[in-house]
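Heads up, the thing below is written out as structure tokens.
The values are calculated or read from the model by the stated rules, or taken from the named source; none is laboratory data. As the structure is a prediction and not an experimental result, all values here were calculated from the model. Backbone-built Cβ (ideal geometry, glycine too); neighbour counts: all protein chains shown.
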Amino acid sequence: MSTGELIIDDLRAGIPGQEILRGVSLTVRSGEVHAVMGPNGSGKSTLAHVLMGRPGYEVLGGSVSLDGIDLLSLPTWQRARAGLFLGMQHPIEVPGVSLVASLSAARAPAAPVGPGAGAERPDIGARMEEEADRIGFDRKMLRRALNVDLSGGERKRNETLQLGVLRPRFAVLDEIDSGLDVDALEAVARRVEAATTEWGMGVLAITHFHRLLDVLHPDVVHVLSAGKVVATGGDELAEIVDRTGYAAYR
């Protein structure tokens, strides 16, 4: 099992002319699940995009490190190689690129994405089928171009399958529960939770709803408002937010 830390220290970032994150600090350790909740416009998705290095965002201050590696100095592909995975809120279609080709490229030589990923490299196709069966993702979907003609829920299962194949050190999941029915939500959340023990993956799960956290049991819950972490606690904090809303944290 891996040991390490994803450390976000006083991170300030935004888009040109607008500061969105105003000093976010939190630390996710291997095997931990941290949930980030907050009202619309609080900076949750911006946090995910900045961590992964999406173009169009500016870092104005602070630092982000993964096991001592300065992530903010790296392009997106090198952040992925360092062991960071982003589950997107709205996974995009990539016509002409098969899922197996995408995963094979991501697991290229010199890319030990997760513990055991470099030491043993099982056949990508076999790993994909194993992960598909595990989360109830139709194997026929594996032959399609990446996310092409998939429903929103199928795309989220597909993201989870990719996570299982790549075995990252840390996963940032931006509303992975969005678009999932009850059964799919449970399958996806259980797979993510299992990864925290199978290879010690740390998780930063961005969500609006407590229903995800009923299955993906968080070690820590953060409330983000106006670009800052304004409250931190255990699962009881998520229950309070679910019951009373964000008025007290605005």
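Here's the yes/no breakdown for (1) farther than 18 Å from Met201 by Cα; (2) touching a Phe, Trp or Tyr at 6+ places or on another chain (Cβ under 9 Å); (3) charged (D, E, K, R):
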| position | (1), (2), (3) |
| --- | --- |
| Leu142 | yes, no, no |
| Asp149 | yes, no, yes |
| Glu154 | yes, yes, yes |
| Arg169 | no, yes, yes |
| Gly179 | yes, no, no |
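I'm checking my understanding of the structure. Among residues of the stretch 161-190 that are assigned to a loop (DSSP other than H, G, I, E, B) and modelled with pLDDT under 95, which one is surrounded by the most Cβ atoms within 10 Å (Cβ to Cβ)?
The residue in question is Ile176.
Return the residues of the stretch 202-228 that are under 20 Å from Ser25 (Cα atoms), crowded, with 18+ Cβ neighbours inside 10 Å and either in contact with an Asp or Glu (Cβ under 8 Å, 6 or more places away or on another chain) or hydrophobic (A, V, I, L, M, F, W, C) (or both); say none if nothing qualifies.
Hits for the stretch 202-228 are Gly202, Val203, Leu204, Ala205, Ile206, Thr207, Pro218, Val220, Val221, Val223, Leu224, Gly227.
Keeping to the stretch 81-93, report how many residues are more than 18 Å from Asp174 (Cβ to Cβ) and either assigned to a strand (DSSP E or B) or touching a strand residue (DSSP E or B) at 6+ places or on another chain (Cβ under 9 Å) (or both). Step through it out loud before you land on a result.
Of the stretch 81-93, the ones more than 18 Å from Asp174 (Cβ to Cβ) are 81-82.
Then drop every residue that is not either assigned to a strand (DSSP E or B) or touching a strand residue (DSSP E or B) at 6+ places or on another chain (Cβ under 9 Å) (or both), which leaves 82.
Residues flagged as more than 18 Å from Asp174 (Cβ to Cβ) and either assigned to a strand (DSSP E or B) or touching a strand residue (DSSP E or B) at 6+ places or on another chain (Cβ under 9 Å) (or both) within the stretch 81-93 amount to 1.
Only residues that are surrounded by fewer than 18 Cβ atoms within 10 Å (Cβ to Cβ) and under 18 Å from the mean Cα position of the chain (by Cα): list them for the stretch 8-51, please.
Those that are surrounded by fewer than 18 Cβ atoms within 10 Å (Cβ to Cβ) and under 18 Å from the mean Cα position of the chain (by Cα): Ser25, Thr27, Arg29.
What number of residues in the stretch 94-108 are assigned to a helix (DSSP H, G or I), touching a residue at least 12 places away in the same chain (Cβ under 8 Å) and farther than 19 Å from Lys156 by Cα?
1
Among the numbered criteria (1) over 30 Å from Gly234 (Cα atoms); (2) crowded, with 17+ Cβ neighbours inside 10 Å, which single criterion is violated by Val97?
Here Val97 meets the rest and fails (2).
Tell me, yes or no, whether the stretch 220-242 has at least one residue that is of a type in the set (Ser, Thr, Tyr) and modelled with pLDDT of 90 or more.
Scanning the stretch 220-242, I find at least one residue that is of a type in the set (Ser, Thr, Tyr) and modelled with pLDDT of 90 or more, so the answer is yes.
Which pairs have Cβ atoms under 6 Å, sit 6 or more apart or on different chains, and link a residue in the stretch 218-246 that is charged (D, E, K, R) to one that is assigned to a helix (DSSP H, G or I)?
Note: pairs meeting the criteria are Asp242/His210.
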